[in-house]
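In what follows, a single structure is set out as structure tokens and then discussed.
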Amino acid sequence: MIESPWRCLMIAIVLGVGGWARAQDVDDEPLRLRGLLPSGVRASATESWGAFRFTVSNANTANRSVRILVYYPGRPDLQYGRDVWLPGNSSLAAWLPVGPAESQLYSNGRKIEYLLYDLSGGAERLVLPQADERVRTRDVIYRRREPTTAIMVDDQVDENVFFSPPEPVVFARTIRNAGGMSEQVFVVQPGFMPALPGAFDGIDHFILASNRLLADPAGQEALRHWVQQGGKLWIMLDQIKPETAAAILGEDLDFQVVDRISLTSIKINRTKLDALAAAQRELEQPVDFVRVALSGGDRVLQTVNGWPAAFVRQVGRGKVVFSTLGPRGWHRPRTREDSASPYSSFPNLPVYLVPLGEVAAELRLRLAPHPFTTENLQPLLTEEIGYSIMSQRMAGAIFGVLVLALVGLGVGLRRSRRPELLGWLSPAAAIAAAALFVVLGEGSRRAVPPTVAVAEVVDAVPGSGEAAVNGLYAIYRPASGLASIDETKGAVLDLDAEGLEGQNRRRIQTDLDAWHWDNLALPAGARSGPFRYTIRPGPLAAKARFGPNGLEGRLSLNQFRNLADALIVTSAHEPIAVRLGEGGNFTAGSADMLPSGQFLSGVVLTDQQQRRQAVYRQLLTPTMPEHLEGRDLLLAWSEPAEIPFASPEGGRTVGTALLIVPLVFERPAAGTNVTIPSAFVPFRRDSNGQLVQPVLASQIAVDMRLRFQIPPSLLPLKVERATLVARVRAPGWRLTVGGFADDKLVPLHAGDSPVEPVRLEIVDERLLKADERGGLHFNVALSDARGPGGDRPRDAQWKIESLTLEVVGKTTK
């Protein structure tokens, strides 16, 4: 039967409308959000930045742009967001950076609130949950901030498992016990690690016992940058392949794995105190041991059979500890004779051995942080922004006109016999003058364009082509209103939020290394905050060698320009000025040694140099930052290689950078005459074969054998002459200086109550024979100048203000 044309048309319309309706239902399918929990390297919220993992699904056929916003109850004005793009009929797992939680004492959980928006079509449409509430709520784990350890192992495990946890996890808890920390260890679960800046802020130590990172390039980079910014990484070489360590440290991995063996007999030697080496231990089951050959730049902490069992290296602002001996070599099983485990949840925790305690000390945080912070860069930042103020001549002219006007008004009104008018004409004149000041001041303020400025400290990481940057950011706005702060280099910025309470501010992450602030209104003036990130300027290195006139070398700077006010600081904390030449060449000799408290050469310093010297003085205090301690460094000022923040519309971007570059010493050719400035010849007290800190001030007599170390890059060296200079303040004391010939003391100087510096030129070959490790030995003693029964005050103190040794010699084969 053939349907009529009208009936067919009606059926087609109905089917079309039904199909369109079904398609409309599909297109209106809501977005679905799952997860949104702390994850990655830390599975709990805390008073630091962290990463929340989530999965969002798009059941529509059309592509969608999605925004997720998270905030803590009570702070809806400060929101953290992530924008993602979803193809049709797809799901995406991603990370969202969330800022610090407020501290709480008694609860291990807290709530978060979050919103889901559909940004498709350019409009922000809130996707409501199934219930009536507009805001979604979720409970997350919370733990107070403390020194925190995360570990990556091959298997998926629960960090709170009580029975048969993996050996590396047991080792991690034993390390924390040796370091005096709690039992809390976060186990990194399978999957990719968060590659967001700040995702590692919630931890202090990361233990690597897995090769999973080989399949996670973004995680490798995130972990490496975290170390460069000050993190502490423990690499268990017995658990991983050398390629895994190389993937994290890059070209800086310059040691060689010789072989892997098993040991049933172990004796760990502590290189700091060889006389107190651990006793020989016999094991029923063999323990793995990786024998490695070091290049010489690493600091060995422990050895087994002459091979390193643990060693450490500085990487940027951070530190990497390597262990080559398996976990059971560092601890023993707990027995009934031992005290109870300090961790009640883990009663069978092994007993750590003393050598592990010494290695674990490398993970401890300093009790008192170094006084230098990025806030000390504020004067440099103010200089970079610049300012314009009314001149004194203009201000004086306005006040002069005001005074003349008031005098004229007083005289005129008195003659006109209307003195009562002075009561309102005088305030009117003052108001007019004030208005003039306001107008001129506003003009001066607007004379400075909108500005973004940075003052930063750049810590070079040799061998990686990267550098850790920490600095202070400032944005100057001549007028109040919405501010645009965009970042595209992965920097973490903590902007000063004083006075911004009540604004519904949103920090939106748009990519792994890009974010911006939404709805951020700033008042007129400057607003600042510390920031940090990792820059990739290419090779940044300082190579030097000793020559006849001292040190000479070359700087590789790549993107950094206009170097100035350079300084070398040695491991002995001695500053020496650097003379910069063309093409990155530099020299430094004995004549460039700087007096105490001075860090730039020259009698008259510019205002800029005075501010730079103030930064040097604050940074290079007697107790230097941990990552600079015991290293030879070249410091210099330059323009930043890049500024990670976008410049304001119609404005400018300026900055200054302090470069900190480790010195790499090259050996001169055999037969080269060399002069070693005293700054490069540190000394220690030789106490029965152990090198300890010398006594430099006391109220009692002292007799010290001092060992001066020749730079290893010059060994072997034939010493031809040495100049010893001692500046001692010791009223009522007798100073005696001697050398050693065939280990017998040879007097060189004796004097009472020294006032002037004692300068000794030593040319006797017997006294200039270095030991097998390149040490020159001299003796310094201070005794009672008046002898027994003298009337010197009992509390009279002596002090060695400085003790230096300059060495001249020739390199040998």
If I ask for residues that are in a strand (DSSP E or B), aromatic (Phe, Trp, Tyr) and open to solvent by 60 Å² or more (accessible area, probe 1.4 Å), which ones from segment 83-119 would you list? 85
By residue number, the members of segment 120-145 that are in a loop (DSSP other than H, G, I, E, B) and under 32 Å from the mean Cα position of the chain (by Cα) are 143, 144, 145
So, residue 288, is that one modelled with pLDDT of 95 or more, farther than 30 Å from residue 468 by Cβ and acidic (Asp, Glu) or not? yes
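Output the number of residues of segment 626-651 satisfying the condition of being among the aliphatic types (A, V, I, L, M) and surrounded by fewer than 17 Cβ atoms within 10 Å (Cβ to Cβ).
Within segment 626-651, the first condition is being among the aliphatic types (A, V, I, L, M), and the residues that meet it are 628, 633-636, 641, 643, 646.
The next check asks that each one be surrounded by fewer than 17 Cβ atoms within 10 Å (Cβ to Cβ); those that pass are 646.
Number of matching residues: 1.
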Given segment 696-744, what strands (runs of 3 or more DSSP E) lie entirely inside it while holding 3 or more residues that are surrounded by fewer than 16 Cβ atoms within 10 Å (Cβ to Cβ) and either of a type in the set (D, E, K, R) or over 42 Å from the mean Cα position of the chain (by Cα) (or both)? 717-729
Among the numbered criteria (1) among the charged types (D, E, K, R); (2) over 23 Å from residue 497 (Cα atoms); (3) without any contact (Cβ under 8 Å) to a residue 60 or more places away in the chain, which one does residue 102 miss? (2)
Scan segment 657-687 for residues that are more than 27 Å from residue 619 (Cβ to Cβ) and free of Cβ contacts under 8 Å to residues at least 40 places away in the same chain and jot them down. 685, 687
Please verify whether segment 652-665 includes one or more residues that are in a loop (DSSP other than H, G, I, E, B) and open to solvent by 20 Å² or more (accessible area, probe 1.4 Å). no
Looking at (1) modelled with pLDDT of 95 or more; (2) assigned to a strand (DSSP E or B), which is the one condition that is false for residue 767? (2)
Does residue 459 fit the bill of being touching a residue at least 40 places away in the same chain (Cβ under 8 Å) and either within 17 Å of residue 646 (Cα to Cα) or in contact with a Leu (Cβ under 7 Å, 6 or more places away or on another chain) (or both)? no
Restricting segment 353-378 to residues that are open to solvent by 70 Å² or more (accessible area, probe 1.4 Å) and at pLDDT 90 or above, the residue that is farthest from residue 471 (Cα to Cα): 354
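Does residue 692 satisfy the condition of being at pLDDT below 95, within 23 Å of the chain's Cα centre (by Cα) and either farther than 29 Å from residue 453 by Cα or open to solvent by 60 Å² or more (accessible area, probe 1.4 Å) (or both)?
Taking the combined requirement at face value, the residue does not satisfy it.
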If we keep just the residues of segment 183-216 that are in contact (Cβ under 8 Å) with a residue 24 or more places away in the chain and part of a helix (DSSP H, G or I), which is surrounded by the fewest Cβ atoms within 10 Å (Cβ to Cβ)? 214
Can you give me the ranges of the strands (runs of 3 or more DSSP E) entirely in segment 558-611 with at least 1 residues that are aromatic (Phe, Trp, Tyr)? 585-588
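The values are calculated or read from the model by the stated rules, or taken from the named source; none is laboratory data. Keep in mind that what you see is a predicted model, and the values were worked out from it rather than measured. Glycine also receives a Cβ, built like all others from the backbone with ideal geometry; neighbour counts cover every protein chain displayed. Accessible surface is based on the protein model in full, side chains and every heavy atom, while ligands, DNA and RNA are left aside. Shrake-Rupley method; radii C 1.70, N 1.55, O 1.52, S 1.80 Å.
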